[in-house]
Amino acid sequence: MDTTVLHTDLPKLIIKNKALLPVVQGGMGVGVSAHNLAGNVALLGGLGTISSVDLRRHHPDLMKQTGQSRDKEAINAANLVALDREIRAAKQKAQGNGMIAVNIMRAVADYAAYVKQSCESGADAIVVGAGLPMDLPELTADYPDVALVPILSDVRGISLILKKWMRRDRLPDAIVIENPQFAAGHLGAATIDSVNDPHFSFSVVIEGTLALFDQLGIPRDRIPLIAAGGIYTPAQVKALLQLGASAVQLGTSFAVTEEGDAHRDFKRVLAEARADDIVTFMSCAGLPARAVRTPWLINYLDKEQKLQSKACPKDCTVGFDCLHQCGWRDGNAKAGQFCIDTQLAFALQGDIKRGLFFRSAEPLPFGSAIRPVRELFDYLLNGIHPQIEQTSHPALLMQSA
C-alpha cells in the first residue's frame with residue numbers, strides 16, 4: 001500500500017486545527033471498523049473511526065477469558081482492554097497522520113466507561129450516535145484536546161445539543177448529519193415510517209443548521225458539518241460541499257475495502273447485495289435499522305410479529321447487557337426480538353447463515369469489487385476510478401439459505 005498522505009484539491013476538513021481529507025470513515029460494529037481500517041484511513045490523512053462495541057471479539061485471549069462467561073463485570077472489563085489495544089494500535093499504524101476517533105453509541109449501557117477509556121487511551125475524537133449525548137462535555141471535561149462529534153439527523157436534535165452544550169461553554173468540534181433514508185445500521189429516526197421523511201434531507205438539515213448557527217451567534221465556519229448516508233460518487237461529494245458541508249462520511253464503502261477489519265465473506269455479502277436485498281426493520285435497540293436480507297434476517301422477519309406478541313423480560317443472551325434498553329431482554333414488543341451482539345458477531349466472522357449484515361441503501365463506488373482504502377479516497381476526492389474487473393457471485397446468499 002502507498003502510505004504517503006493523499007492529496008486533493010478539495011478544501012480540507014478542519015477539526016481541532018488538524019487538516020483532514022474531507023471524506024470521513026464512519027464507525028461500524030461489532031468489530032467491522034477496528035484498528036486496521038481506522039489506522040489506514042488516518043495514515044492517508046483522514047479521520048478513521050473505531051467502533052467501540054464488543055471489541056474483545058478481535059482478541060483471542062480476551063475471548064478465551066470471557067467467551068463462555070456470564071460475568072458482566074469481567075466482560076465489560078475485557079472490552080475496555082480491547083478498546084485500549086485497538087486505539088493504541090490504530091495510532092501506531094497512523095504514524096502521526098490524520099485522526100483516530102472512537103464511535104460510541106449513546107444507547108450502550110457502558111457508554112460513559114467507553115468515553116473515559118477512549119480519552120485515556122489517546123483517541124483524538126469521540127463520535128456519539130444512537131441517542132443525544134447531552135452529557136458528553138462533562139464526561140470529557142478532563143480531556144479538552146479530544147474532539148467531540150455528535151451524530152444527529154435533524155435540526156431539532158442539533159438545536160437541543162447546541163443549546164445544552166453552550167450552557168457548559170462547549171461546542172461540538174464537528175457534527176455528523178446522518179440521513180436515515182440512506183444510511184446503514186441504526187438510523188436516526190423514531191420509526192420505520194419516518195425514515196424517508198423530507199425533513200431529514202441534506203438540503204433541509206444543512207441549510208437549517210447554518211441558519212441555527214446564525215440565530216445562536218455561532219460563526220458558520222466554527223463547527224464543520226459532515227454529511228453521511230447514500231454518498232458514493234465524486235459528484236455527490238462536491239455537491240454537498242457546495243451546499244455547506246465541510247466533509248462527507250461513508251461507512252459501507254469503507255467496510256468492504258481490503259483494510260476493513262471484518263471477514264472477507266462479510267465484505268462479499270455487502271458488496272454483492274442488490275437493491276432488493278436490503279431491508280429496513282426495527283432493531284432491539286428500539287431504532288430502525290438497515291441490513292442485507294441474509295438467511296438469518298429472512299427467518300427472523302418471518303417470525304417477528306409472533307416473537308413480538310410473546311415478548312417478555314428475560315436474561316441477557318450474552319450476559320453483559322450491552323444495550324441500556326434492549327427489546328429482547330426487556331420484553332419491549334415494539335422493538336426487535338433478537339440479540340444484536342450475537343448476530344453482529346456472526347457477521348464479523350463471515351457467517352452468512354447466522355449473521356446480521358448492516359448495509360447502506362445506495363450502490364457502492366466500486367460495485368462488487370473489494371479495493372484498497374487509497375483507491376476509495378482517490379475516486380471520491382479526485383475522480384480517479386481504477387480499472388476494475390467485476391467479480392460478482394450472485395448465488396452467494398442463495399447458497400447459504
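The values are calculated or read from the model by the stated rules, or taken from the named source; none is laboratory data. Note that the structure is predicted; figures quoted are calculated from it, not measured. Every residue, glycine as well, gets a Cβ built from its backbone with ideal geometry; the counts of neighbours run over all protein chains shown.
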Practice task
Would you check if there is a residue in region 113-131 being surrounded by 19 or more Cβ atoms within 10 Å (Cβ to Cβ), aliphatic (A, V, I, L, M) and at positive phi?
Solution key: yes
Practice task
Any residue in region 273-298 that's surrounded by 21 or more Cβ atoms within 10 Å (Cβ to Cβ): show its pairings with residues that are polar (S, T, N, Q) and assigned to a helix (DSSP H, G or I) at Cβ separation under 7 Å, as long as the two are six or more apart or on different chains.
Solution key: TRP296/GLN343
Practice task
Could you tell me whether any residue of region 132-145 is in contact with a strand residue (DSSP E or B) (Cβ under 7 Å, 6 or more places away or on another chain), surrounded by fewer than 24 Cβ atoms within 10 Å (Cβ to Cβ), modelled with pLDDT of 95 or more and outside any helix (DSSP H, G or I)?
Solution key: yes
Fill in the blank from the handout: Cβ pairs under 8 Å, 6+ apart or interchain, first in region 124-147 and hydroxyl-bearing (Ser, Thr, Tyr), second outside any loop (DSSP other than H, G, I, E, B), ordered by first then second residue, are THR140/VAL115; THR140/CYS119; THR140/ILE126; THR140/LEU148; TYR143/CYS119
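Every residue, every condition in (1) among the aromatic types (Phe, Trp, Tyr); (2) under 17 Å from PHE281 (Cα atoms); (3) buried (at least 21 other Cβ atoms within 10 Å of the Cβ), yes or no:
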position	(1), (2), (3)
LYS334	no, yes, no
THR342	no, no, no
GLY355	no, yes, yes
LEU364	no, no, yes
GLY367	no, no, no
PRO372	no, no, no
GLY383	no, no, no
Problem - Any hit, region 164-185, residues being over 22 Å from the mean Cα position of the chain (by Cα), at pLDDT 95 or above and aliphatic (A, V, I, L, M) - result: yes
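Name the residue that is modelled with the lowest pLDDT, counting only residues in region 322-377 that are of a type in the set (D, E, K, R), assigned to a loop (DSSP other than H, G, I, E, B) and out of contact with any Ser or Thr (no Cβ under 6 Å at 6 or more places or on another chain).
GLU362
Within region 114-123, is there a residue that is touching an Asp or Glu at 6+ places or on another chain (Cβ under 8 Å), more than 28 Å from LEU13 (Cα to Cα) and assigned to a loop (DSSP other than H, G, I, E, B)? Step through it out loud before you land on a result.
First, the residues of region 114-123 that are touching an Asp or Glu at 6+ places or on another chain (Cβ under 8 Å): 117, 119-121.
Add one more test, that the residue is more than 28 Å from LEU13 (Cα to Cα), and what stays is none.
No: zero hits.
Only one of GLY26, GLY67 is within 19 Å of the chain's Cα centre (by Cα) and closer than 30 Å to ARG290 by Cα; which? Working first, answer last.
Values: GLY67 fails: within 19 Å of the chain's Cα centre (by Cα).
Exactly one of GLY26, GLY67 is within 19 Å of the chain's Cα centre (by Cα) and closer than 30 Å to ARG290 by Cα, namely GLY26.
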Problem - Restricting region 1-39 to residues that are assigned to a helix (DSSP H, G or I) and in contact with a Gly (Cβ under 7 Å, 6 or more places away or on another chain), the residue that is surrounded by the most Cβ atoms within 10 Å (Cβ to Cβ) - result: ALA38
Completion exercise
Among ALA235, ALA245, the single one that is surrounded by fewer than 21 Cβ atoms within 10 Å (Cβ to Cβ) and not polar (S, T, N, Q) is ALA235
Practice task
Please work out which one of (1) surrounded by fewer than 18 Cβ atoms within 10 Å (Cβ to Cβ); (2) in contact with a Pro (Cβ under 9 Å, 6 or more places away or on another chain); (3) closer than 30 Å to LYS353 by Cα is the condition ASP197 fails and give its number.
Solution key: (3)
Handout entry: Residues of region 192-219 satisfying the condition of being more than 28 Å from ALA285 (Cβ to Cβ) and at pLDDT 95 or above
Key = GLU207, LEU210, ALA211, PHE213, ASP214, GLN215, LEU216, GLY217, ILE218, PRO219
Fill in the blank from the handout: Of the listed residues (ILE177, ILE151, ILE206), the one being in contact with a strand residue (DSSP E or B) (Cβ under 9 Å, 6 or more places away or on another chain), aliphatic (A, V, I, L, M) and surrounded by fewer than 20 Cβ atoms within 10 Å (Cβ to Cβ) is ILE206
Problem - Residue in region 51-58 that is more than 14 Å from TYR114 (Cα to Cα) and either assigned to a loop (DSSP other than H, G, I, E, B) or of a type outside the set (Ser, Thr, Tyr) (or both) present - result: yes
Fill in the blank from the handout: The condition from (1) among the β-branched types (Val, Ile, Thr); (2) closer than 30 Å to LEU243 by Cβ; (3) in contact with a Gly (Cβ under 9 Å, 6 or more places away or on another chain); (4) at pLDDT 95 or above that ILE87 misses is numbered (2)
Exercise for the section: Could you figure out which of (1) exposed (fewer than 15 other Cβ atoms within 10 Å of the Cβ); (2) assigned to a helix (DSSP H, G or I) isn't true of CYS312? Expected result: (2)
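In the list ALA235, ALA211, ALA141, ALA228, which residue meets the criterion of being small (Gly, Ala, Ser) and within 18 Å of the chain's Cα centre (by Cα)?
ALA228
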Exercise for the section: Test ALA190 against the criterion of being in a loop (DSSP other than H, G, I, E, B) and touching a strand residue (DSSP E or B) at 6+ places or on another chain (Cβ under 7 Å), and give yes or no. Expected result: no
